1. Kindly report the accessible area of the chain per residue (heavy atoms of protein chains, probe 1.4 Å, no ligands, DNA or RNA), in Å².
2. Pairwise over distinct Cα atoms, reciprocal of the mean inverse distance: report the Kirkwood radius of region 14-60 in Å, one decimal place.
3. Can you send over the carbon and sulfur percentage of the accessible area for the chain, probe radius 1.4 Å, protein chains only?
4. Rounded to the nearest 0.05, what FRET efficiency do Ala99 and Arg212 give with R0 = 51 Å and r taken as the Cβ-Cβ distance? Could you check?
5. For the pair Asp356 and Thr257, how long in nm is the line joining their label points, each one 7 Å along Cα→Cβ?
6. Would you mind calculating the relative contact order of region 214-367 from Cα pairs under 8 angstrom and at least 6 residues apart, reporting the percent as a whole number?
7. From the helices alone, meaning DSSP H stretches of at least four residues, give me the mean residue ellipticity at 222 nm for the chain, per-run term -39500 (n - 2.57), in deg cm²/dmol to the nearest 500.
8. Once you compute Rg and the Kirkwood Rh from C-alpha atoms, what is the Rg to Rh ratio for region 219-258?
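The values are calculated or read from the model by the stated rules, or taken from the named source; none is laboratory data. Note that the structure is predicted; figures quoted are calculated from it, not measured. Glycine gets a Cβ as well: all are built from the backbone with ideal geometry, and neighbour counts include every protein chain shown. Accessible surface is based on the protein model in full, side chains and every heavy atom, while ligands, DNA and RNA are left aside. Shrake-Rupley method; radii C 1.70, N 1.55, O 1.52, S 1.80 Å.
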Amino acid sequence: MIDRKRLATTFVELCETDSPSRHEGRMAALLKNILGPLAPDEVFEDDSAEQTGSESGNLFFRFNGTLPEKPVFFNCHMDTVQPGVGVRVRRQGDLFTSAGDTILGSDDKSGIAALIEAMRVLREQQLPFRTVEYVFTTCEEIGLLGAKALDPAHIQARFGYSLDSSGFGRVIIGAPAANRLRIAVHGHAAHAGLHPEWGINAMILAARALARVPDGRIDPESTVNFGIIHGGIASNIVPEKVVLEGEVRSHSEEKLTSLTKQIEEIFRGVIQDWQDAGGQARGKPGLDFVVEPDFPLMHLDQKSAVIREIQQAGEHIGLDLTLEVAGGGSDANIFNGYGLETAIVATGMTNVHSTDEQVELDDMVRLTELILALLTGQGKD
Ligand SMILES: [Zn+2]
């Protein structure tokens, strides 16, 4: 039923249509062109572009089915990481790679290609299927911006699948929540040679705090990282301001909160403990500690419908799916945060976010089979 050649051609066309984050316009137009003739009952582009700065909004396609099973949605992101301009696909046998100077874009176009092929098969074979929605987001790779700006009211289904993970046969059922930290340490500027005692060195204060902050893997559920530090103007000026950016992730909301608080207390403690040794400082140190929730926790019950159904679909096509917990954040975190249970399904892509990215046609064919099994209700008890 699945047309391997057609699937491969579609995949190459998708990959060779550049769509780095915020420049998803051509990809969105292509998807409308491809899926439009497959008679969706609703096509909708939201107004998230105003918020994300993308050329396109998020795209929604609904195909009303006749089977009584509850509607499901599938999600892929339209954008890719850099270097992703001028992608030329190379095919050796059934293995797809880029020409070597760019990424391939199988993240996430392997998922999109499988969704397109699945709908073509359903229409061509006139197979009965359940109502399904395809949700294509923008700007996933630059902070899940499209998903964050999406109104979940546009999705009828109550659960679904993000086709967006590397390897094959993996289903991600858990991912951490994360906070982004932006910390500004304020001191006081002074000439470092003439009047150092007038100044307060923000860099020294920041370093003192940073040295006490927990770092790396904190426990099996939690991580902390500081990734950016900038501040200061010249070596002969006592630095007035230093800004640090970091993140906390945890599979436990409580630990996320307590670790974030712990870091804040360390910084506040250093500012409070500062003493004006010479008695001549022309100011007081200060602190702006900003916590931005980045993405919410994802934790799916193994007995939930979203997991049960994909496992049954897997069994039907003879595919043993492994359930895993991952460490990254993706659109699925955001959908789960909206109350839409969303599991992440691997598409076969590997070495993603590098010029060695690759995917096998066989894996995209298997993914298409899995989607078809889920939509046609085959494999149910
Ligand atoms: Zn991805």
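1. 43
2. Evaluated over region 14-60, this radius sits at 11.2 Å.
3. 48
4. Working from the Cβ atoms, E equals 0.60.
5. 4.3
6. Over region 214-367, the number comes to 13 percent.
7. -9500 deg cm²/dmol
8. Values: Rg = 15.4 Å, Rh = 12.3 Å.
Across region 219-258, the Cα-based Rg/Rh ratio is 1.25.
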